[in-house]
Amino acid sequence: MHKIAIYNNKGGVGKSTLAVHLADALRRLDLKILLVDLDSQNDCSLFLGLEEKPEKTFFNLIDYRYPADLKECIIEIRDNLGLLTNTNYELIEKDLHRATRIDNFLDKVFEKTEEIYDYMIIDCSPSRSILNSAILFYVDSIIVPTQLEIASIRGFSDIYNYLEDLDIDSAKVKLVVPNMFDTRTKEAEDNLNELKSIFDEDMITSPINRRTKITEASKAGKTIFEYNSDTQLEQFYNIVERVIELG
Ligand SMILES: Nc1ncnc2c1ncn2[C@@H]1O[C@H](COP(=O)(O)OP(=O)(O)OP(=O)(O)O)[C@@H](O)[C@H]1O
Ligand SMILES: [Mg+2]
């Protein structure tokens, strides 16, 4: 199982959108996917149209006295796609504060997922938090969606500083996904070039255009693949190919 965190410490850059679309695209290739929604807002669950809060969530999974069984916590939201949601975000943080080590905390929690799934995709909140630290330790790859604005591009140093503080190898950041690309503006083009000058070319995927259909689909609880088959799909497929190349 390849474990991926979708992380950026900036809010609203498209983390949840990317997590959901990657998960949906990969499951369509007959791969078994576990999407782990570890942002307090549970946006992935909303974007996939989950209507009722599940009885058991990640919070129950990490209960150190009566841990829930993994199967009880996962919702089969689509074929080949399991979804693990969260509740009690503040209590999760408290529990993690009590843990003696966080660098291997999730290894045990997710032990049973290894043999079931091909990919685990974890959607993160835009913050430095103990849970995010545990996630960044746990995963094999970090994928960073970013907007093509100069402030977002400068914000990359915060991500790398965070990894350095945790003593995590910065090479874990495998891909940068430019999102909300506005094809009409020169500024977006310039900022894309700026991004390409900072990172190795092979780390940057093709950009995802800014399209209102993406928001519409999410509001309808669908991915763009389910909502509208247009050229937007090709942009996502390029990203999916790059993810598969990661292993
Ligand atoms: N390429 C795009 N074109 C148009 N709208 C987009 C695009 N990508 C994301 N959005 C919209 O932007 C908003 C923020 O996206 P999303 O929730 O995925 O970001 P996020 O980084 O997960 O945010 P948060 O930090 O709050 O978790 C959503 O309304 C989403 O539908
Ligand atoms: Mg989000």
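The values are calculated or read from the model by the stated rules, or taken from the named source; none is laboratory data. These numbers come from a predicted model, not from an experiment. Cβ sites come from the backbone with ideal geometry, for glycine too, and all protein chains shown count toward neighbours. Note: areas computed on protein heavy atoms with side chains; ligands, DNA, RNA excluded. Shrake-Rupley method; radii C 1.70, N 1.55, O 1.52, S 1.80 Å.
Taking first residues from the range 45-67 that are on the phi < 0 side of the Ramachandran plot and open to solvent by 80 Å² or more (accessible area, probe 1.4 Å) and partners that are among the β-branched types (V, I, T) and modelled with pLDDT of 90 or more, the Cβ contacts under 8 Å between residues at least 6 apart in sequence or on separate chains come to K53/T85; K53/T87.
Going by the conditions given, is R27 out of contact with any helix residue (DSSP H, G or I) (no Cβ under 7 Å at 6 or more places or on another chain), at pLDDT 95 or above and away from ligand 2 (no atom under 16 Å from the Cβ)? Against the criterion (out of contact with any helix residue (DSSP H, G or I) (no Cβ under 7 Å at 6 or more places or on another chain), at pLDDT 95 or above and away from ligand 2 (no atom under 16 Å from the Cβ)), R27 qualifies.
Is it the case that some residue within the range 132-140 is within 16 Å of ligand 1 (Cβ to nearest atom) and among the aromatic types (F, W, Y)? No, because not a single residue in the range 132-140 is within 16 Å of ligand 1 (Cβ to nearest atom) and among the aromatic types (F, W, Y).
One residue is enough: does the range 30-48 have a residue meeting the conditions of a type in the set (S, T, Y) and touching a helix residue (DSSP H, G or I) at 6+ places or on another chain (Cβ under 7 Å)? Checking the range 30-48: at least one residue is of a type in the set (S, T, Y) and touching a helix residue (DSSP H, G or I) at 6+ places or on another chain (Cβ under 7 Å).
When the range 102-132 is filtered for residues that are part of a helix (DSSP H, G or I) and either within 14 Å of the chain's Cα centre (by Cα) or within 16 Å of ligand 2 (Cβ to nearest atom) (or both), the ones remaining, listed by number, are L131, N132. P145 meets all of the listed conditions (1) under 23 Å from M120 (Cβ atoms); (2) touching a helix residue (DSSP H, G or I) at 6+ places or on another chain (Cβ under 8 Å); (3) loosely packed, with under 15 Cβ neighbours inside 10 Å; (4) of a type outside the set (F, W, Y) but one, namely (3). Among the residues in the range 79-101, are any charged (D, E, K, R), farther than 16 Å from I130 by Cα and open to solvent by less than 50 Å² (accessible area, probe 1.4 Å)? Within the range 79-101, none of the residues are charged (D, E, K, R), farther than 16 Å from I130 by Cα and open to solvent by less than 50 Å² (accessible area, probe 1.4 Å). For G221, the conditions (1) within 21 Å of L148 (Cβ to Cβ); (2) in contact with a Gly (Cβ under 8 Å, 6 or more places away or on another chain) all hold with the exception of (1).
Residues in the range 3-26 that are open to solvent by less than 20 Å² (accessible area, probe 1.4 Å) and not in a helix (DSSP H, G or I): I4, A5, I6, Y7, N8, V13, G14.
The set of residues from the range 203-222 being open to solvent by 20 Å² or more (accessible area, probe 1.4 Å) and free of Cβ contacts under 8 Å to residues at least 40 places away in the same chain comprises M203, S206, N209, R210, R211, T212, K213, T215, E216, K219. Residue count for the range 77-101 satisfying the condition of being in a helix (DSSP H, G or I) and of a type in the set (D, E, K, R): 5. Among the residues of the range 80-92, is there at least one that is within 15 Å of ligand 1 (Cβ to nearest atom), under 23 Å from I214 (Cβ atoms) and not hydrophobic (A, V, I, L, M, F, W, C)? Among the residues of the range 80-92, at least one is within 15 Å of ligand 1 (Cβ to nearest atom), under 23 Å from I214 (Cβ atoms) and not hydrophobic (A, V, I, L, M, F, W, C), which makes the answer yes. Any residue that is within 16 Å of ligand 1 (Cβ to nearest atom) and at negative phi - is there at least one of those in the range 163-172? Within the range 163-172, not a single residue is within 16 Å of ligand 1 (Cβ to nearest atom) and at negative phi.
Applying the criterion of being at pLDDT 95 or above and in a strand (DSSP E or B) to the residues of the range 148-187, the residue that is surrounded by the most Cβ atoms within 10 Å (Cβ to Cβ) is V177. Among the residues of the range 27-45, is there at least one that is of a type in the set (K, R), under 30 Å from N238 (Cβ atoms) and in a loop (DSSP other than H, G, I, E, B)? Yes - at least one qualifying residue is present in the range 27-45.
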